[in-house]
Amino acid sequence: MLRASLRDLRKTLAAETPDAAEHAASLYPSDKIANAAVVAGYRSRGGEIDPWPLMERLAKAGARLALPVAVDRDSPLIFRAFAASDPLAPDAFGIASPLPEAAEVVPDLIITPLLAFDRFGGRIGQGGGHYDRTLALMRARSPVFALGLAYAGQQVARLPLESHDQRLDAILTEMAYIEAEKDL
């Protein structure tokens with residue numbers, strides 16, 4: 001029920017701020033751009049803020065782009081190289097994703113969609129746990145920066161997180177770039 005109301009809120013915010021993606025992309029700090037060699041975005045749906053303007057900005061600065069691919073319901077996501085002209089096919093969830101022939105890559109910046117966030121890096125996603133599993137696996141191997149992309153109106157005071165929940169390093173909205181605060 002909580003996720004359903006958060007989805008409704010996100011759709012309302014999307015309708016009220018149609019240029020949010022462009023505003024957010026312009027607010028991503030210039031000093032962070034050089035840190036991203038491989039950037040994984042996502043295909044927006046259901047009112048999610050579109051990561052493409054930010055991905056284009058990062059690609060112009062030399063980053064290689066990737067999209068997530070769900071191979072099944074329970075596994076971590078994999079990431080495959082992606083360019084705007086590349087053909088796509090449905091993954092295990094029916095989301096348009098790079099074809100199996102596309103190179104598998106390891107991103108150092110993962111742009112994540114979300115339903116709600118807090119200033120401590122807490123994130124509520126769609127509920128499948130894919131980004132949590134993926135970030136946990138990747139962070140066990142090497143550093144990865146998790147950037148939540150959201151509407152400012154999706155911020156809440158504090159989210160109750162469980163031990164398996166992976167925190168965001170920062171959140172980017174149409175209003176601000178927010179570094180996640182450490183717990184007090």
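No lab work stands behind these numbers, since they all come straight from the coordinates. Remember, predicted model here, so these are calculated numbers, not experimental data. Here Cβ is always computed from backbone atoms with ideal geometry, including for glycine, and neighbour counts include all displayed protein chains.
Listed values, structure above:
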| item | result |
| --- | --- |
| 5 angstrom amide H check on Ala170, placed H, neighbours 5+ away | Ala146, Gly148, Ala180 |
| Which labelled figure in [x] 50, 37, 27; [y] 48, 33, 32; [z] 43, 34, 33 is Cα extents along the principal axes in Å, once derived from the coordinates | [z] |
| Spacing of the two label points (7 Å from each Cα toward its C-beta) at Glu162 and Ser85, in nm | 4.5 nm |
| Simple spin-label estimate for Arg133 and Ala170 in nanometres, 7 Å along Cα-Cβ | 2.9 nm |
| Estimated 222 nm signal from helices in the chain, with DSSP H stretches of n ≥ 4 weighted -39500 (n - 2.57), rounded to 500 | -7500 deg cm²/dmol |
| In Hz, Karplus ³J(HN,Hα) per residue of the range 4-11 (6.51, -1.76, 1.60; θ = phi - 60°; x = Gly, Pro) | 4, 5, 5, 5, 4, 4, 4, 5 |
| Cross-link reach list, lysines versus Lys32, counting only Cα pairs under 24 Å and skipping chain neighbours closer than eight places | Lys60, Lys182 |
| Gaussian network model of the chain, springs between alpha carbon atoms under 10 Å - residue of Glu16, Glu174, Glu162 with greatest fluctuation | Glu162 |
